[in-house]
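**Student:** Please find one structure pasted underneath; my questions will follow.
Bear in mind these aren't lab numbers, they're just calculated from the coordinates by the rules spelled out. Here the structure is a predicted model, which is why all the values come from computation and not from measurement. Cβ atoms come from the backbone with ideal geometry, glycine included; neighbour counts cover every protein chain shown.
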Amino acid sequence: MIKLTINGLNVSVEEGSTILEAAQFLGFPIPTLCHMEGLSPYGACRLCVVEIGEDAGAKLVTSCTYPVQEGMKVRTTSKRVNRARRMIIELLLASCPQSKVIQDIASKYNVRQQRFRQEHEDCILCGLCVRMCEEQMVAKAIGFRGRGETRSIGTPFDIKSDVCRLCGGCMYVCPACQLRCTYTEPDKAVCGGCANIAAPCLDKDKFGDMMCYMDPCVACEIEK
Amino acid sequence: MNPEVVHNILEKHQQSQDGLISILEDIQRSFGYLPSQALQQVAEESGRNLVDIYGVATFYKSFSLKPRGKHLISVCLGTACHVRGAPSIAEEFEKSLKIEAGETTEDQEFTLETVNCLGACALGPVVVVDGHYFPNVKRTAVAEIIAKTREGIDKIEVKTDQRVFPIEVSCPRCNHSLMDTMNLVDGHPCITVTASFNRKHGRLSMSCLYGSYNIASEHVIPPDIVLNLFCPHCHAELSGGANCAECGTPMVPMIVRSGGVVQVCPRRGCKGHLLDLSE
């Protein structure tokens, strides 16, 4: 067991767990976006930042990737943390304002406005779909491509992958594509951000006995 | 694309447990770009995942998934070059070659790319063609650079690059000068040694200009042949240098008159060399 302080409370947690796990276990809320149980921690969205250390040595770290250490002093809602978090939410909102997940987080943190240029991206590169595909579906059909501004997620060469089973797992976990999948135009109902697969529900006649994660699936509604 | 070539590259790297990047570099060197079938073959034969390979291939700018032209023109758009008018140079290249940056001309001769900094800011705006630097390029010089490249850049490099300088060398064994003032290569006295390969022996004259790879030989030397070089005076073989960084062949050492050692790779076509000047 490792002894540490979270928000001034002396606690002891199991060795090897992350700050996020410890905090959640003890009931301290930390918002997350790119974190999902069953997938490896990634630290992409930076929403889960917490402050560790004291005074001049204090720094912000992503709690989902940072393992607990003996004597560590963690603050999950300090002024600095909140300021950083709100900024991250604003940036996320700017790039993907249509995402229900991001909207919910924003309203929870009382972010009503964002000061950046609206982008309407269909992907925030959180990597959930990539990890879902690799770790849970054991397919590795999609991955990151390019870098910097042109970084994107998709299949190699933008063609339908041989190893993709059209499970729809990537769409299920995608925080950005919820509106995509509830889009009013059938051809845009395909989640563009996560994968170059056809929406399973649109190909239903070909994949009759397929599982569909969408509930409710508006793409199916459109078909009707 | 020849699958055999890719297979050989993979075989070579399997033994040394080399990483993916070295494999992709070798493939790019063989084909000039990364053909999609080659990536697929790498995935199949090395047990890696195509997604990972594709990710690496698209991450690094030095890898190209599209066939590239014979000559690569890189226009620097870094800050220093930018303020000195590099964007208009890039535009001029685009106009003259009738392609956009990142594209290849239809005749597969030129690929134009823009880079963010070449680390030669004092020379800006700088353009690099096949590894040759053109400093302080002006709009009007663009046509000239293209024409020179078409002619063959190695031929003119000696005159345009002022950093090329002549060196005088002597035999490391007898310390007799190897310079030949009677025969000129690149307009300078040449370095003369005796070269032998495939039971042929003859005089080999090398340019004494550091940075020039021009030679004159009695016999036609086929590419990729490793020459044995001898001192024409004491007839000792010039050998015992370090291994060439490019191809691994043991290099040929010669003493530089002003102090120091120059080593050159004896494999025909290899430009590997080492210049070590002492004070």
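**Student:** Of all residues in the range A:75-90, how many are in contact with a helix residue (DSSP H, G or I) (Cβ under 7 Å, 6 or more places away or on another chain) and assigned to a loop (DSSP other than H, G, I, E, B)?
**Tutor:** Residues flagged as in contact with a helix residue (DSSP H, G or I) (Cβ under 7 Å, 6 or more places away or on another chain) and assigned to a loop (DSSP other than H, G, I, E, B) within the range A:75-90 amount to 1.
**Student:** So how many residues does the range B:36-78 have that are farther than 27 Å from residue B:132 by Cβ and more than 9 Å from every other protein chain (Cβ to nearest Cβ)?
**Tutor:** Total satisfying the criteria: 10.
**Student:** Sort out which residues of the range B:233-251 are surrounded by 15 or more Cβ atoms within 10 Å (Cβ to Cβ) and touching a residue at least 24 places away in the same chain (Cβ under 8 Å), and write them in order of number.
**Tutor:** If the condition is that a residue be surrounded by 15 or more Cβ atoms within 10 Å (Cβ to Cβ) and touching a residue at least 24 places away in the same chain (Cβ under 8 Å), then B:233, B:238, B:241, B:244, B:247 are the ones that fit.
**Student:** Can you tell me how many residues in the range A:104-146 are within 14 Å of chain B (Cβ to nearest Cβ) and on the phi < 0 side of the Ramachandran plot?
**Tutor:** 14
**Student:** Inside the range A:128-161, can you point out the residues that are surrounded by fewer than 16 Cβ atoms within 10 Å (Cβ to Cβ), in a loop (DSSP other than H, G, I, E, B) and touching a residue at least 12 places away in the same chain (Cβ under 8 Å)?
**Tutor:** A:151, A:159, A:160
**Student:** Go through (1) within 26 Å of residue A:64 (Cα to Cα); (2) at the interface with chain B (Cβ under 9 Å from one of its Cβ atoms); (3) out of contact with any strand residue (DSSP E or B) (no Cβ under 8 Å at 6 or more places or on another chain); (4) buried (at least 16 other Cβ atoms within 10 Å of the Cβ) and name the single condition residue A:172 misses.
**Tutor:** Tallying (1) within 26 Å of residue A:64 (Cα to Cα); (2) at the interface with chain B (Cβ under 9 Å from one of its Cβ atoms); (3) out of contact with any strand residue (DSSP E or B) (no Cβ under 8 Å at 6 or more places or on another chain); (4) buried (at least 16 other Cβ atoms within 10 Å of the Cβ), residue A:172 fails exactly one: (2).
Residues are listed down the side, and each one gets a yes or a no for (1) surrounded by fewer than 18 Cβ atoms within 10 Å (Cβ to Cβ); (2) among the aromatic types (Phe, Trp, Tyr); (3) farther than 10 Å from residue B:72 by Cα; (4) in contact with a Cys (Cβ under 6 Å, 6 or more places away or on another chain):
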| site | (1), (2), (3), (4) |
| --- | --- |
| B:109 | yes, no, no, no |
| B:112 | no, no, no, no |
| B:116 | yes, no, yes, no |
| B:126 | no, no, yes, yes |
